[in-house]
1. With over 13 Å from VAL13 (Cα atoms), crowded, with 21+ Cβ neighbours inside 10 Å, at pLDDT 95 or above and in contact with a Leu (Cβ under 8 Å, 6 or more places away or on another chain) as the only criterion, which of ALA116, ALA149, ALA108 stands out?
2. Output the qualifying pairs, or none if there are none: Cβ atoms under 6 angstrom, residues six or more apart or on different chains, first residue in segment 201-219 and within 22 Å of GLN191 (Cβ to Cβ), second residue among the acidic types (Asp, Glu) and not in a loop (DSSP other than H, G, I, E, B).
3. Among the residues of segment 44-59 satisfying the criterion of being aliphatic (A, V, I, L, M) and in a helix (DSSP H, G or I), which is farthest from the ligand (Cβ to nearest atom)?
4. Output the number of residues of segment 136-154 satisfying the condition of being over 10 Å from ASP206 (Cβ atoms) and within 11 Å of the ligand (Cβ to nearest atom).
5. Find the residue count for segment 165-174, including only residues that are more than 16 Å from the ligand (Cβ to nearest atom) and either under 21 Å from ASN227 (Cβ atoms) or not in a loop (DSSP other than H, G, I, E, B) (or both).
6. Being surrounded by 12 or more Cβ atoms within 10 Å (Cβ to Cβ) and not in a helix (DSSP H, G or I) narrows it down to one residue among VAL220, VAL177; which is it?
7. Free of Cβ contacts under 8 Å to residues at least 60 places away in the same chain and either surrounded by 19 or more Cβ atoms within 10 Å (Cβ to Cβ) or in contact with a His (Cβ under 7 Å, 6 or more places away or on another chain) (or both) - does that describe any residue in segment 2-18?
8. For segment 203-214, how many residues are at pLDDT 95 or above, within 16 Å of SER158 (Cα to Cα) and either over 17 Å from the mean Cα position of the chain (by Cα) or loosely packed, with under 15 Cβ neighbours inside 10 Å (or both)?
Amino acid sequence: MPKYMNTTTTIPVITIDGPSGVGKGAVSLRVAHHLGWHTLDSGALYRVLAIASTQRAIAANQETALANLASQMEVQLIALPDFSDTRVILANSEVTAELRTETCGQLASQLATLPAVRQALLERQRAFRKPPGLVAEGRDLGTVVFPTAPVKIFLTASVEARAQRRYHQLQQKGIAVTLEHLLNEITQRDQRDRTRQVAPLIATSDMVVIDTTGLSIEKVVALILNNWSPKHLLAPN
Ligand code: DC
């Protein structure tokens, strides 16, 4: 193995950023499966912090306590063998179902506005960069967490299409919710994630933007894979 392959920064990363319900989760897992790489669902870290802070009755404005919890909480993210979903374990308890509720997503989005929380989760996220490569999805993966990633993708879709997708996902998981409620929640969460002071959701000029409205997961996966080539391994990044 060439010497440069030993450094963390030369392990390839594909970042996939975008708003909620755009299909980042399913697409990232499939891209990773195809390449035989690791995955990082960074939103799960913010969501698990929301659960852990609720369990400890830490309020959403207790920034220092939340940052301490973010760096210390015991979390495992486990991609299922068929890469259909990520299981999330918090201190030996399975929290996968609770994690996917919109209540949890809303609190996660609030906690994600706190700079100390983001800082505490930064190194935890970077630790997922392991050989042979990583597919990392979230809101600031291409801008802040892995700014030198050789392939950066930004997924978009209309808010209606995203609400529909989320609706079907939650229904499949047995979580009761109305479409109208989801539309409101997603719009509100988007607004917060896009306008916050630290690491807002934004597409930068080095990202490939893909509008997933009306596209199948397979099509989006193929479009992303078109941007990856092993020649990226030879370029310093
Ligand atoms: O991707 P998700 O819906 O599971 O993320 C939940 C919230 O976490 C999202 O509304 C904002 C926050 N988040 C973030 O601020 N930065 C990330 N990289 C990932 C998620």
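The values are calculated or read from the model by the stated rules, or taken from the named source; none is laboratory data. Note that the structure is predicted; figures quoted are calculated from it, not measured. Cβ atoms come from the backbone with ideal geometry, glycine included; neighbour counts cover every protein chain shown.
1. Details: ALA116 fails: crowded, with 21+ Cβ neighbours inside 10 Å; ALA149 fails: over 13 Å from VAL13 (Cα atoms).
None of the others qualify; the one that does is ALA108.
2. Correct list of pairs: LEU201/ASP193.
3. Looking only at segment 44-59, we keep the residues that are aliphatic (A, V, I, L, M), and these are 44-45, 48-52, 57-59.
Checking the rest, the ones that are also in a helix (DSSP H, G or I) come to 44-45, 48-52.
Numbers: ALA44: 6, LEU45: 7, VAL48: 10, LEU49: 9, ALA50: 8, ILE51: 12, ALA52: 14 Å.
Top of the filtered list is ALA52.
4. Of the residues in that region, 9 qualify.
5. Keep residues of segment 165-174 that are more than 16 Å from the ligand (Cβ to nearest atom), which gives 171-172, 174.
Now drop any that are not either under 21 Å from ASN227 (Cβ atoms) or not in a loop (DSSP other than H, G, I, E, B) (or both), which leaves 171-172.
Residues that pass the stated criteria total 2.
6. On the way: VAL220 fails: not in a helix (DSSP H, G or I).
The conditions single out VAL177.
7. Residues of segment 2-18 free of Cβ contacts under 8 Å to residues at least 60 places away in the same chain: 2-3, 6-7.
Okay, now just the ones that are also either surrounded by 19 or more Cβ atoms within 10 Å (Cβ to Cβ) or in contact with a His (Cβ under 7 Å, 6 or more places away or on another chain) (or both), so none.
Looking for residues that are free of Cβ contacts under 8 Å to residues at least 60 places away in the same chain and either surrounded by 19 or more Cβ atoms within 10 Å (Cβ to Cβ) or in contact with a His (Cβ under 7 Å, 6 or more places away or on another chain) (or both), one finds none in segment 2-18, hence no.
8. Within segment 203-214, residues that are at pLDDT 95 or above, within 16 Å of SER158 (Cα to Cα) and either over 17 Å from the mean Cα position of the chain (by Cα) or loosely packed, with under 15 Cβ neighbours inside 10 Å (or both) number 2.
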